[in-house]
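Data block below; observations after.
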Amino acid sequence: MRNNLIIKNIGELVTCSGFTSKKGSEMQELHILKDVSIIVEKGVIKEIISSKEQLGCDFENYEIIDAEGCCVLPGFVDSHTHFIFSGYREEEFYLRVKGTSYMEIMKRGGGIANTVNNTREASKEELIELGKRRLDDMLKMGITTVEGKSGYGLDLNTEVLQLKAMKDLDKSHAVDIVSTFLGAHALPKEYTGRKKEYLDFIINEVLPIVTNEELAEFCDVFCEKNVFEVDESRYLLERAKSMGMKLKLHADEIEGIGGTELACELKAVSADHLLQASDNGIKALAASNTIATLLPCTAFSLKESYARGRKMIDEGCAVALATDFNPGSCFTQSIPLLIALACYNMNLSLEEVINALTINGAAALNREKIIGSIDKGKQADLIILKYPSYKFMLYNLGTNIVNKVIKKGVLVKEN
């Protein structure tokens, strides 16, 4: 029967057990079980039993996967990406490697504006095909749920087109997609010098369509100096919230202007980037339910200092990790790279990283009750590694060691 599954002979089951985000020292606990089997019915985890208990059971109507003593974990949740776009910016990458700053490239007409031009020219079919290829690559990495942002249209038609492309892909692809409206990603050139008018355009013309057609669950804003400042970000987000949208922020990435504090004030589900988050911002995060979503691959690509993830966890924050896959500042979907950077350059333990990529990633998408851990009653989104222990994820440095990916109780990828 479809979606009925037994995974037997699991040497090590990393459950990341829980139905809420993990904060501070809780992020060290993986809740590991040894020598067990997982029973899945109709795509949902029904039981976790010992291998000995399984011997007398009749599983005639179940597909059976033999884990062969290897490690099983929850599917990864990539809670911050911009994967629907057209056009690439490889030349800008080489300029940055040579020392040109991201903001300087934007001033020259590059950056987000470059991708906007290409994406506005793309059809929905082209965006869907490009998105499918990228989702296929994510699935190989063990990503079973991904957040995708608009923000490469900065007009009504293309913003809606990006979100509709993601909605179609969510129906047809194995990876679950959570959509975010990011119309306030940058100021389009046709609104130069008229930022308030652009925000009013988003509020009065774009957001009603996004909400009425249920094209996005979240509203995000690039809260940054000379982009959308704190008061401007508040103005947009308060109105999005009044329309029923949940909130996210690109906060304090390039300069610390108080975006982290704003995210906590507005009870945003997550505050993302946070390279320049202040001590007070970190304290506010620790006292709130807002998830600190950190993007080490972006800091690496931009040759910037990393967000203070170690301090955030020590202060009691709930930290998630995500790739920030996008065409400009971080053109990678690599979970192995993310793990290595978080452990070696941000001083997080591997246990903290795993929780950040699973249960806390789910919490950053308001999905912690249904995905992000291996618990009875949760969706059966699982990965099987090629090795017997989760420790190989760091030991086999920079290498994808995901062998099988299971989505809603169905084997959807075998590497």
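The values are calculated or read from the model by the stated rules, or taken from the named source; none is laboratory data. As the structure is a computational prediction, the values presented were derived from the model and not from experiment. Counting neighbours? That spans all protein chains shown, and the Cβs are built from the backbone with ideal geometry, glycine included.
Descriptive notes on the structure:
- Residue match in the range 64-87 (condition: over 23 Å from the mean Cα position of the chain (by Cα) and at pLDDT below 95): yes
- Condition check for residue 194 on (1) more than 30 Å from residue 72 (Cβ to Cβ); (2) touching a Phe, Trp or Tyr at 6+ places or on another chain (Cβ under 8 Å): one failure, at (2).
- Residue match in the range 146-155 (condition: of a type in the set (S, T, N, Q) and more than 21 Å from residue 232 (Cα to Cα)): no
- The lone criterion from (1) without any contact (Cβ under 8 Å) to a residue 24 or more places away in the chain; (2) more than 18 Å from the chain's Cα centre (by Cα); (3) closer than 28 Å to residue 211 by Cα left unmet by residue 279 is number (3).
- From the list 88, 94, the lone residue that is assigned to a loop (DSSP other than H, G, I, E, B) and at negative phi is 88.
- With respect to the conditions (1) in a helix (DSSP H, G or I); (2) buried (at least 24 other Cβ atoms within 10 Å of the Cβ); (3) in contact with a strand residue (DSSP E or B) (Cβ under 8 Å, 6 or more places away or on another chain), residue 144 lacks only one, and its number is (1).
- Lone unmet requirement of (1) of a type in the set (Ser, Thr, Tyr); (2) under 23 Å from residue 66 (Cβ atoms); (3) not in a strand (DSSP E or B) for residue 25: (2)
- Restricting the range 28-51 to residues that are out of contact with any helix residue (DSSP H, G or I) (no Cβ under 9 Å at 6 or more places or on another chain) and not in a strand (DSSP E or B), the residue that is nearest to residue 363 (Cα to Cα) is 31.
- Flag for residue 359 being over 19 Å from residue 272 (Cα atoms) and surrounded by 24 or more Cβ atoms within 10 Å (Cβ to Cβ): no
- Residues satisfying the stated conditions in the range 147-163, i.e. surrounded by 16 or more Cβ atoms within 10 Å (Cβ to Cβ) and over 19 Å from the mean Cα position of the chain (by Cα): 153, 154, 155, 158, 159, 160, 161
- For residue 60, the requirement of being of a type in the set (D, E, K, R) and either in a helix (DSSP H, G or I) or exposed (fewer than 13 other Cβ atoms within 10 Å of the Cβ) (or both) is met.
- Residue satisfying all of: in the range 33-53; surrounded by fewer than 21 Cβ atoms within 10 Å (Cβ to Cβ) and touching a residue at least 60 places away in the same chain (Cβ under 8 Å); farthest from residue 374 (Cα to Cα) among these: 42
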